[in-house]
Each structure stands twice: as structure tokens, then as C-alpha cells.
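What follows is a set of notes on a single structure, which appears directly below.
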Amino acid sequence: MLGFLSARQAGLEDPLRLRRAESTRRVLGLELNKDRDVERIHCSGVNTLDIEPVEGRYMLSGGSDGVIVLYDLENSSRQPYYTCKAVCSVGRSHPDVHKYSVETVQWYPHDTGMFTSSSFDKTLKVWDTNTLQIADVFNFEETVYSHHMSPVATKHCLVAVGTRGPKVQLCDLKSGSCSHILQGHRQEILAVSWSPRYEYILATASADSRAKLWDVRRASGCLITLDQHNGKKSQAVESANTAHNGKVNGLCFTSDGLHLLTVGTDNRMRLWNSSNGENTLVNYGKVYNDSRKGLKFTVSSGCSSEFVFVPYGSTIAVYTIYSGEQITMLKGHYKTVDCCVFQSNFQNTELFSSRAIRDKAKILIQVF
Amino acid sequence: MSRKRHRLVPETFGLKRRRELGDVEADPLRCESVHVAVTRCLRPGSAREAVAEIVRLFPRVLFEDALPPIALRSQVYSLVPDRTVADRQLVRSVRATNGKALSCFVGTSEKALQEQGEIRIVQLGFDLDAQGIMFTEDYRTRVLKACDGRPYAAAVQKFLASVLPACGDLSFQQDQMTQTFGFRDPEITQLVKAGVLTVRDAGSWWLAVPGAGRFIKYFVKGRRAVLSMVRKAKYRELLLSELLGRRAPASVQLGLAYHVHDLIGAQLVDCVSTTSGTLLRLPET
């Protein structure tokens, strides 16, 4: 490390190399943090977390009781032991609170003035952060499992919504109505994700074992259906053209958007080339997954070999993405982990994870 | 959580890697079939050696040499430490996604075993994941011996001569068989009767091993029996040396070592390394 610093100073090394090496070292040293904690506001499980992309300072969490809480992650006290305080929350007494469990929350990608939340009460609500009032509501016919807004979009403000019906709905924030529907899946949509590289490319994962890539400008259907056998018909016919042998639960693009990771209830995770939909056949082994709804997992960014953090039962399994090697299992929760988010700002690299059923609301895992 | 600094850390910083002393402790699972006294038993680095080692463990006497020695894909995963590399060495189409990360692995010029025609992969019916691997030579000799003197011998010989070298897949389609290889329907029926093909659905067949039914029966029973041995142990964990030292129950015909490799590779048990050796523990989930 000192060698790296002096080489950087002398100009022998590229500055990016030092940054990557240090990020990787920090990710490899991730452990349960004993000094930091998150204030417990939720009485029941926490389903979803999101950290704002602008500063990495504020975190939203959505719970099974419909409550949404906003935390400030910055440690402005001089103490090492610090509890992240909740800045504000949409509690049960709020007139516009969700009736049922909140499944997904997401910050508006460009600033923290707005966030969106979707819930089992068949609505997608758009909130103004400063006044904590609803700016808009989108109603659907079925329960909403997941929604996502593109982090790189400049020409559109579409929110992709996956519901229990087989159609993916795209809602436009500017006009306040659903602009179009993507047809192609046959069962409920468990996860949606926009590509971080191209603003019109969307990936969706469904319970019918299929994952599809769409260009939302194209009217005639999906671009690619991901096929785990890459077109070879030598496997069982019922698994033809499917991404997994069970429901496809979770989707995550790598930070450069060139590859896509999917997890399924067949206890497998697969890495796909997002430009041609080819299964790269990297073998991660058994990635235990029995979640009946979506599983939210995350990837690191800025390391020399990227890592993926997947909830695995009551632990979080860390794998290198491109070689499939399992690095470690992060233990800290007592029951099943539902969701984790990663941030590598400030001086710390942090991974937040949350639980679905009634145990600790959140445990913060941080490197020192 | 593993408290040791992971080996990737010095690699990231470009430090010189400390020379590894190797496993001085003779791992009973690896050394069982090696008769030469060696001070250290290394895991076979390549898939071919892994398949050869499992083939050595296979009990030929049990099947009166009528069955080619079958290794399972999960057993290869237990012997080759990196699964993606094992996949690539077995089957052709695993491509390097990130050249930097995989640069230390096998170069792309080496052909996979299935591509070379050295091994055949066969779908064993009981599980979508379970695939059997055997050397092509073994398969060919056994099948010829099995169909010797029977009415379908001619069709089988034609199949072995023309289809096997040409097509390395696990299954065959109707149009492939009739047009490319020139098989007529009665000949295909004879192949199914001989046990070389198994019907998958209308117009497609799996490649099969004649007489493999007994093997699959023993295998499923034995797997369940070994798993229950671990389950019945106190705290649901067993030292590997202790497990191998126990007397095999009656339902385990294929050998404890054979089944243990399969359980480790299929991740039905967790392998924990302790100071007393490898420990097999049932996963909590």
C-alpha cells in the first residue's frame, strides 16, 4: 500500500490503480461493524433499502408495515460509536402512508428532492422529500412487486413497474400517467432494472423463468430473451429459452452495464453478456434462494475485480463476478436477509443489509 | 466469517506471493486411491485427472464390468477447486468474460474434453443437475459388448461409428438423426430397445448408457444414506476421516468416498476445514 502511494506520488503508477486496489482491499476486509448502528424505527421487517446516488449520505428504507424512513448516514459526532439517526419518516399516522407492505423505494436519481415507493397496495407513490407529501400516485390493477427508474436517463422520466400481472408498465413522471406497456412475460414480474449504460435498455425478470431485455422505444417486443443454454437444445425441453429452472427473482447490472446478473429459485446465479444475451456460464455454485418475491442484491463498483453481494439465507455471500469464486459469507443477521445496498463513499466502504421478518431492522456492515 | 486476510489482497497490491508449502497433511479422501506413498497429496488441477480419479473409485466388480465407469459432474467440482475452470475444461463454450480476471487460467487454445471427444456427458434421469461423465472409449467397448449377438447390434454399431464422433451433445433430434446421419425409424427404435437412446419427448432422445438403471438406483439410495449418516450425527456434522472410517451401510454399494465427492461437489454438505481435518456439516438452510 505504501509502495502504491509512493509510486502514485512519483507518477509511476496510474492514480486509478491505487484507487482500485484500495477499494478491493476494503471490500475484502468487510466485517460486521460494532461501532455503527442504525436507529430502529421499523417494528416489522425491512424490505428495501436505497442510498441516494448524489452524495451517498441519505438512505431510505421501506418496511412491511408500510412505513418509510429516511436516515442520515453521516457521522458528524466525534465519537466512533454512532447510531445513524432517522431524519424523518412516513409513519402509520401519515395520511398518505401505504396501506400494505412497501416493496421498493428508490431515490430520484438526480437529486434527493424526490423519491418513489411502491407497495402491495397496488400503488406507486411519488414523494416530495422536503415536505413529505405525495406529489403523485399511480394506481395499478395488481400488487406491485418492484419498480426502478433509470439512473442515467436524461431524455425520459420513465419508471418501470413490475406487478403481479404479466405486463411491465412504464409510468411517465412528467405527464403523470402510464405511457406504455411491455408485453411478453407470462407470469408476475418479480424484478425490473434499467441499464446503467444505455438509458433505453430495461431488463425484467419474471416468475415464468424468463428474463428479457427490452428497448423501450421499440414497439414490437423484447430485444432478447435470456436463454441459459445459449440456444443449444441439448437440455430438457421444458427449460428451453429460460434463464433459470425456477422463478427468476433478482436482477442486477454490473456497474459498467456490460453484464447482467440474475438469481433464480433454482439456487443458481448466472452472469449474462447484456449486449447479446449470452450466458457466460460462470459457475457460482449453489446460491440458496427461496424467496417468493424479489431478492435485491448489489454489486460493488470501482474495485479491480468486481464483487457481487447476494443475500444467502441469513448471511450475505460475496462472490467475484467474473470468476465465480466465493470470497466469504458475511454473518450478522439472525434471520433471512432480504436486501443489501453498497456504497463506497467517504472514507468508508459500507454495505447495508436488511431483514424481512421481525428481527433487527438493519445491521450495518462496514470496513474500517 | 473468515478472519484471515484473503489471498486476493496481496494479489491486488502486487506483492510477491509467498510460496505455498502445500498440504503436508495427507487428505484421506484424496490419498485413498493412490497407492504410492507421497508426502503431500495435491488436488488434481485439471478436469481430466479428476474424472480419472473418480473412475478409479468406481466399483466395476459390482456391475460385472458391463457398465462403463461413470463419474458425476458434481464429483469433478469437488476435485477441481474452481467451478468455472472445471466447466470450461469439460465443455467447450465457457468463454472468458474478463481477460484480466481469468488470465491465470487455461489458455483458450486448449480444447475441452467433450470437444475433443475424450469424454461423453450423459443426462442421468433423476435430477436436472446430475450429469454423468465417462470416457468415450469405455462407453464404446461396453456398449459393443452388451449388444454382441443381439438383433440390434448392426444399428448400434452404425450409431457408435457415425453419430458419436460427429455430435458431442447430450441429446439428439429427429431431423438430425434421419437427415444428417441417415437413420430410419425402425433403426431408431432398435437403438431405444438397445438402451443407447432414451426417449425425451416426441422427436428427441437423450444419449443413455445401457444398464445404467441399476447404477442410478444404487446411487440415489447411497446418496440418501450417506446424507442421513451426517444428519444423524451429533450437531449434524462429521469429520471426513471418521465418515470414511465407518462401515458403509448396506444401501451404500458404490463406496463412501464416491458419494462423499458427490455430496461435496453438489454442495449438499458444507466442507469446513478444521485443525482436525475436513469437517462435513449440513447447511442450515
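Do you know which residues across segment B:232-266 are closer than 18 Å to B:Lys221 by Cα, touching a residue at least 12 places away in the same chain (Cβ under 8 Å) and outside any helix (DSSP H, G or I)? Reasoning before the result, please.
Let us first name the residues in segment B:232-266 that are closer than 18 Å to B:Lys221 by Cα, namely B:232, B:243-244, B:246-266.
The next check asks that each one be touching a residue at least 12 places away in the same chain (Cβ under 8 Å); those that pass are B:243-244, B:246, B:249, B:251-266.
Those that are closer than 18 Å to B:Lys221 by Cα, touching a residue at least 12 places away in the same chain (Cβ under 8 Å) and outside any helix (DSSP H, G or I): B:Arg246, B:Pro249, B:Ser251, B:Val252, B:Gln253, B:Leu254, B:Gly255, B:Ala266.
Are any residues in segment A:256-273 in a loop (DSSP other than H, G, I, E, B) and away from chain B (no Cβ under 11 Å), and if so, which ones?
So in segment A:256-273, the residues in a loop (DSSP other than H, G, I, E, B) come out as A:256-258, A:265-267.
Hits for segment A:256-273 are A:Gly257, A:Thr265.
Being farther than 13 Å from B:Gly132 by Cα, part of a helix (DSSP H, G or I) and in contact (Cβ under 8 Å) with a residue 12 or more places away in the chain is the filter here, so list the residues in segment B:51-72 that pass it.
B:Glu53, B:Arg56, B:Leu57, B:Leu62, B:Phe63, listed by residue number.
Determine whether B:Leu191 is buried (at least 19 other Cβ atoms within 10 Å of the Cβ) and either touching a Gly at 6+ places or on another chain (Cβ under 6 Å) or not polar (S, T, N, Q) (or both). Even if it seems obvious, please write down each step before you answer.
Numbers: buried (at least 19 other Cβ atoms within 10 Å of the Cβ): yes; either touching a Gly at 6+ places or on another chain (Cβ under 6 Å) or not polar (S, T, N, Q) (or both): yes.
For B:Leu191, the condition - buried (at least 19 other Cβ atoms within 10 Å of the Cβ) and either touching a Gly at 6+ places or on another chain (Cβ under 6 Å) or not polar (S, T, N, Q) (or both) - is met.
Here is a check on your reading of the model: is A:His156 part of a loop (DSSP other than H, G, I, E, B), under 22 Å from the mean Cα position of the chain (by Cα) and within 14 Å of another protein chain (Cβ to nearest Cβ)?
Values: part of a loop (DSSP other than H, G, I, E, B): yes; under 22 Å from the mean Cα position of the chain (by Cα): yes; within 14 Å of another protein chain (Cβ to nearest Cβ): no.
When the stated conditions are applied, A:His156 does not pass them.
If we keep just the residues of segment B:145-203 that are of a type in the set (Gly, Ala, Ser) and within 19 Å of B:Leu67 (Cβ to Cβ), which is nearest to the other protein chains (Cβ to nearest Cβ)? Please lay out each step first, then the result.
Looking only at segment B:145-203, we keep the residues that are of a type in the set (Gly, Ala, Ser), and these are B:146, B:149, B:153-155, B:161-162, B:166, B:168, B:171, B:182, B:194-195, B:202-203.
Next, from what is left, pick out any that are within 19 Å of B:Leu67 (Cβ to Cβ): B:146, B:149, B:153, B:194-195.
Details: B:Ala146: 24, B:Gly149: 32, B:Ala153: 27, B:Ala194: 21, B:Gly195: 19 Å.
Here the residue is B:Gly195.
Determine if segment A:3-12 includes at least one residue that is in contact (Cβ under 8 Å) with a residue 60 or more places away in the chain and out of contact with any Leu (no Cβ under 9 Å at 6 or more places or on another chain).
At the first step, the residues of segment A:3-12 found to be in contact (Cβ under 8 Å) with a residue 60 or more places away in the chain are none.
The answer is no; no qualifying residue exists.
Out of A:Val87, A:Val97, I need the residue that is among the β-branched types (Val, Ile, Thr), part of a loop (DSSP other than H, G, I, E, B) and more than 19 Å from A:Val337 (Cβ to Cβ). Which one? Outline the logic, then answer.
On the way: A:Val87 fails: part of a loop (DSSP other than H, G, I, E, B).
A:Val97 is the lone residue from the list that is among the β-branched types (Val, Ile, Thr), part of a loop (DSSP other than H, G, I, E, B) and more than 19 Å from A:Val337 (Cβ to Cβ).
Would you mind stating whether A:Asn289 is among the polar types (S, T, N, Q) and either buried (at least 21 other Cβ atoms within 10 Å of the Cβ) or more than 13 Å from chain B (Cβ to nearest Cβ) (or both)?
Numbers: among the polar types (S, T, N, Q): yes; either buried (at least 21 other Cβ atoms within 10 Å of the Cβ) or more than 13 Å from chain B (Cβ to nearest Cβ) (or both): yes.
In short, yes.
Which one is surrounded by the most Cβ atoms within 10 Å (Cβ to Cβ), of the residues in segment A:324-337 that are part of a loop (DSSP other than H, G, I, E, B) and either at pLDDT below 85 or more than 10 Å from every other protein chain (Cβ to nearest Cβ) (or both)?
Our first condition is that a residue be part of a loop (DSSP other than H, G, I, E, B); within segment A:324-337, this holds for A:324-325, A:332-336.
In the following step, the residues that additionally are either at pLDDT below 85 or more than 10 Å from every other protein chain (Cβ to nearest Cβ) (or both) were identified as A:332-336.
Working: A:Gly332: 18, A:His333: 22, A:Tyr334: 12, A:Lys335: 14, A:Thr336: 18.
Within segment A:324-337, the match that is surrounded by the most Cβ atoms within 10 Å (Cβ to Cβ) is A:His333.
Collect the residues in segment A:292-323 that are small (Gly, Ala, Ser), surrounded by 23 or more Cβ atoms within 10 Å (Cβ to Cβ) and within 12 Å of chain B (Cβ to nearest Cβ), keeping them in residue-number order.
Hit for segment A:292-323 is A:Ala317, nothing else.
Only residues that are touching a Gly at 6+ places or on another chain (Cβ under 7 Å) and surrounded by fewer than 16 Cβ atoms within 10 Å (Cβ to Cβ): list them for segment A:199-232, please.
The answer is A:Gly221, and nothing else.
Looking at (1) surrounded by fewer than 21 Cβ atoms within 10 Å (Cβ to Cβ); (2) out of contact with any Lys or Arg (no Cβ under 8 Å at 6 or more places or on another chain); (3) within 14 Å of chain A (Cβ to nearest Cβ); (4) not hydroxyl-bearing (Ser, Thr, Tyr), can you tell me which one B:Ile264 breaks?
Just one mismatch for B:Ile264, condition (1).
In segment A:19-74, what count of residues is obtained for those that are within 14 Å of chain B (Cβ to nearest Cβ) and either within 20 Å of A:Lys99 (Cβ to Cβ) or hydroxyl-bearing (Ser, Thr, Tyr) (or both)?
The first filter runs over segment A:19-74 and keeps only residues within 14 Å of chain B (Cβ to nearest Cβ), leaving A:19-34.
Next, only the ones that are either within 20 Å of A:Lys99 (Cβ to Cβ) or hydroxyl-bearing (Ser, Thr, Tyr) (or both) stay: A:23-24.
Adding up the residues that qualify gives 2.
Residue check, A:Pro151 against (1) assigned to a loop (DSSP other than H, G, I, E, B); (2) farther than 15 Å from A:Tyr108 by Cβ, all met but one. Which one?
Going through (1) assigned to a loop (DSSP other than H, G, I, E, B); (2) farther than 15 Å from A:Tyr108 by Cβ one by one, A:Pro151 breaks only (2).
Quick check, is A:Tyr288 of a type in the set (Phe, Trp, Tyr), in a loop (DSSP other than H, G, I, E, B) and either at pLDDT below 90 or in contact with an Asp or Glu (Cβ under 6 Å, 6 or more places away or on another chain) (or both)?
yes
Looking only at segment A:135-145, decide whether some residue is hydroxyl-bearing (Ser, Thr, Tyr) and closer than 16 Å to A:Trp194 by Cα. Steps first, answer last, please.
Of all residues in segment A:135-145, those hydroxyl-bearing (Ser, Thr, Tyr) come to A:143, A:145.
The next check asks that each one be closer than 16 Å to A:Trp194 by Cα; those that pass are A:145.
Checked against the condition, which is being hydroxyl-bearing (Ser, Thr, Tyr) and closer than 16 Å to A:Trp194 by Cα, segment A:135-145 yields at least one hit.
List, please: which pairs have Cβ atoms under 7 Å, are six or more places apart or on different chains, and start with a residue in segment A:146-175 that is under 28 Å from A:Lys247 (Cβ atoms) and modelled with pLDDT of 90 or more and end with one that is among the basic types (Lys, Arg) and surrounded by fewer than 17 Cβ atoms within 10 Å (Cβ to Cβ)?
Matching pairs, first to second residue: A:Pro166/A:Arg186.
Scan segment A:6-26 residue by residue and report those that are among the acidic types (Asp, Glu) and under 24 Å from A:Thr328 (Cβ atoms). Steps first, please.
As a first pass, look at segment A:6-26 and keep what is among the acidic types (Asp, Glu): A:13-14, A:22.
Selection gives A:Glu22 alone.
The values are calculated or read from the model by the stated rules, or taken from the named source; none is laboratory data. If you're wondering where the values come from, they're calculated on a predicted model, not measured in any experiment. Methodologically, a virtual Cβ is constructed for each residue, glycine included, from the backbone with ideal geometry; neighbour enumeration extends over all protein chains shown.
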